[in-house]
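Enquirer: This is the structure I want to talk about, given as C-alpha cells.
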Amino acid sequence: MENYFELFSLAADFDINITKLNIEYQQQVVKFHPDKFVSGSNKERALALQNTSLINTAFDTLKSPLNRASYLLELNGINVFDEKDTTMTVDFLMSQIELREVLESIQISKDETALDNFTERIDEKIKHNIDSIRASFANIKALNEIKDLVRELKFYEQLNVHAKQLMDEWL
C-alpha cells in the first residue's frame, strides 16, 4: 500500500505544501467518489467506499501538524503514544500542571479576559512547538526528540480545545 504522502504525490516530510495537499485531495475524491460507482458491481462500490475512506483518513492525517508528525514517526517505526513509554521531561510535566491549574482557576472565576489571554498563550506554545518540530525534521534531529515535541503539541492542542470550549460556554 502507498503511504499517505505518496497517495497525494507529496514528499514524506513534515513541511508539506498544504495547497497541493488540498488540490490532490480534491482530485482523489472526484476520482473515487462512491456516487461514480452507483451503477457498478457490489465489488466496485465497496472498493470506492474503501478508497474514499482511505483518502479521507490520509487527508485528515496530513493536514494536521500533530497527526502528520505522528505519522512520519510511525513510518520510522516510532509509536509516539506508546502506553509503555510515558517519559517526559520534569519541566514539561511541571508546565502541564501549572497550565491546568491556571485554566481551572480561570474556569472557576469565569474571567473572560484571562481566558482570552490564556488561549493566546497556548496558541503561541502550539506555534512554537510546530516550528520546533519542523526544524527538527528539517535538520534530521533525533526522532525521540521529535516524539517528545509531538507529545507536547498534543497536550497543548487538547488544552486549547478545552479553553475554547469554556469560551463557547460563556458566550
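Laboratory data are not the source of any read-out in this text; all were calculated from the coordinates shown. A quick note: this is a predicted structure, and the numbers were derived from the prediction, not measured. Quick reminder, even Gly has a Cβ in these numbers, built from the backbone with ideal geometry, and neighbours come from all protein chains shown.
Enquirer: For a footprinting-style exposure proxy, rank E83, E157 by other Cβ within 10 Å, fewest first.
Expert: E83, E157
Enquirer: Please state the relative contact order of the stretch 90-170 as a whole percent: Cα pairs under 8 Å, 6+ residues apart?
Expert: On the way: 38 pairs, mean separation 31.3, N = 81.
Worked out over the stretch 90-170, it gives 39 percent.
Enquirer: Right, something else. Mind sorting R100, R121 by how few other Cβ atoms lie within 10 Å of their own Cβ, fewest first? Walk me through the numbers before you get to the answer.
Expert: Working: R100 13, R121 16.
In order of increasing Cβ crowding within 10 Å: R100, R121.
Enquirer: State, as an integer percentage, the relative contact order of the chain based on alpha-carbon contacts under 8 Å between residues 6 or more apart. Present the calculation step by step, with values, prior to reporting the outcome.
Expert: Details: 114 pairs, mean separation 37.7, N = 171.
For the chain, the relative contact order is 22 percent.
Enquirer: Moving to a separate point now. Quick check on the stretch 4-63: take the gyration tensor over C-alpha atoms, sort the square-rooted eigenvalues as a ≥ b ≥ c, and tell me if it's rounded (a/c under 1.5), prolate or oblate.
Expert: Values: a/c = 3.32, a/b = 2.47, b/c = 1.34.
Note, shape of the stretch 4-63 comes out prolate.
Enquirer: Ok, one more. Are any of the pairs K31/K147; K125/K147; K127/K147; K20/K43; K36/K154; K127/K164 more than 26 Å apart by Cα-Cα distance, and if so, which?
Expert: Working: K31/K147 35 Å; K125/K147 16 Å; K127/K147 16 Å; K20/K43 31 Å; K36/K154 38 Å; K127/K164 17 Å.
Too far apart for the 26 Å limit: K31/K147; K20/K43; K36/K154.
Enquirer: Tell me, how many Å apart are the Cα centres for the stretch 1-50 and for the stretch 92-171?
Expert: A separation of 32 Å, based on Cα centres.
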